[in-house]
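Here's the structure we're looking at; comments come further down.
Please treat every number below as a calculation from the coordinates, not as lab data. As the structure is a prediction and not an experimental result, all values here were calculated from the model. So basically every Cβ, Gly included, is an ideal-geometry build from the backbone, and we count neighbours across all protein chains shown.
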Amino acid sequence: MTDFIFIDDQKNLKIQAFGFNRQELLSNSALALMTFVYPRQIEISEYEIKKKIRIKTKDFKSLLTDWLEELIEISRHQNLCLNYYYFKTASTTEIEAIGYGRRVKAAIEVRNLIKPIKLVQTAEAFGIIANFKI
């Protein structure tokens, strides 16, 4: 299974991310976003920054939405490319994670997540389709 793909869209960034579990889906959706914003930095494995991220919501779809919006804010306001994630908690309503990365200038600015996201869940895997305004 592919971790994520970019879907052709003339005006916006559109991603589809996949995962065998919640943690993998959260990580792969974040990596899709970071790969687009920081195409040259995503492969770097020397981490300068540790960023704690904690989110609590009412359901998994809201959690994914808030997760992606938080990553956009971190990218826009702190110039952080986070490309590795360790999840202490990843339930249907709560994330407690540490993102690892480095401070770099974004190649492209993602302004916001276009809601709603589409969440797909099968017996084997989770999936998400998300649109971002660039």
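For the stretch 22-61, the extents of the C-alpha atoms along the principal axes are 35, 20, 16 Å, listed from largest to smallest. Tell me which of I42, Q16, L68 sits at the most positive position along the dipole axis of the stretch 1-68, charges placed on C-beta atoms (Lys, Arg +1; Asp, Glu -1). Towards the positive end, the residue furthest out is L68. For the stretch 23-82, applying the loop criterion from DSSP together with a ceiling of 16 other beta carbons within 10 Å to the chymotrypsin sites (Phe, Trp or Tyr not before Pro) yields Y47. Converting phi to 3J(HN,Hα) with the Karplus coefficients 6.51, -1.76 and 1.60 and the offset θ = phi - 60°, the stretch 43-52 yields 7, 5, 10, 8, 8, 9, 10, 10, 10, 7 Hz in sequence order, with x at every glycine or proline. Checking the table K105/K133; K50/K118; K56/K118; K61/K105; K11/K88; K58/K88 against a 26 Å threshold on Cα-Cα, which pairs fail? Long pairs (Cα-Cα over 26 Å): K50/K118; K61/K105; K11/K88.
Anyone know which of A30, A17, A97 comes out most mobile in the 10 Å Cα GNM of the chain? Greatest mean-square fluctuation among the candidates belongs to A97.
Computed from the alpha carbon atoms alone, the convex hull of the chain holds 101 Å³ per residue. Sequence-ordered 3J(HN,Hα) estimates for the stretch 71-84 from the Karplus curve with 6.51, -1.76 and 1.60 and θ = phi - 60° stand at 5, 4, 4, 4, 5, 5, 9, 10, 6, 10, 9, 9, 10, 9 Hz, glycine and proline given as x. Exposed loop sites here are trypsin sites (Lys or Arg not before Pro) in DSSP loop states with at most 15 other C-beta atoms within 10 Å. What is the longest stretch of the chain lacking them? So the longest stretch without any such site is 59-104.
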